Amino acid sequence: MKVRLRGFGSIEVEGREYDHDIVIEGGRIRKRKKGPSKPYRGEFGHTPLSAEEELPWGGSRLIIGTGVYGSLPIMPEVTKEAGRRHVDLTAIPTEDACHLIADLNKREVHAVLHVTC
């Protein structure tokens, strides 16, 4: 699947540019809805990724792009939920996540990609 971080705040997937965080679920792309995680912002200094969001749990692996500088906080409940579901969790800076995704068939891609910090 062709995914590349174009720069701070911008990502391109299959030729289409997005200026917000995205979720890829089996090749389908949607905007990340951070609302359920916003109450935790004060605790982390940034809106974290929480298990309360609609995460793409449909595969055997969940790739989390943690931002340009790798600063997206991931709440421990996300890791626990991945273990409960027997999903391999890979959390790496977004540019590295894009390189990882590039080697996958789009049906295999289950990812949350943060495009800023």
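Looking at the chain only, what percent of DSSP beta bridges run antiparallel? Nearest 5 please. About 60 percent, rounded to the nearest 5. With contacts taken as Cα pairs under 8 Å at a separation of at least 6 residues, the chain carries a relative contact order of 36 percent. The stretch 1-68 gives an Rg/Rh value of 0.97, both radii derived from C-alpha positions and Rh following Kirkwood. A Förster radius of 25 Å, combined with the Cβ-Cβ distance separating HIS46 from ASP88, puts the computed FRET efficiency at roughly 0.50. Can you compute the label reach from PHE8? Point 7 Å from Cα along the Cβ direction, backbone N cut-off under 18 Å, restricted to the stretch 96-110. Within reach of a label on PHE8: 96. Loop-located chymotrypsin sites (Phe, Trp or Tyr not before Pro) in the stretch 1-105 (DSSP state other than H, G, I, E, B) with a sparse environment of at most 15 neighbouring Cβ atoms within 10 Å: PHE8, TRP57, TYR69. Considering helices alone, the calculated mean residue ellipticity of the chain at 222 nm is -5000 deg cm²/dmol, with DSSP H runs of length four and up weighted by -39500 (n - 2.57) and normalised per residue.
Scalar couplings 3J(HN,Hα) for the stretch 62-68, obtained by applying the Karplus form with A = 6.51, B = -1.76, C = 1.60 to θ = phi - 60°, are 10, 9, 10, x, 8, x, 4 Hz; x denotes Gly and Pro.
For the stretch 3-113, the mean projected area of the C-alpha convex hull, equal to one quarter of the hull surface, is 6.2 nm².
Bridging of LYS2 to lysines at a Cα separation below 26 Å is possible for LYS31, LYS33, LYS34, LYS106, once same-chain residues fewer than 8 apart are set aside.
Read-outs: derived from the displayed coordinates by stated rules, not from any lab. Source: prediction; values computed, not measured. Don't worry about glycine lacking a Cβ; one is built from the backbone with ideal geometry, like all the others, and counts go over all protein chains shown.
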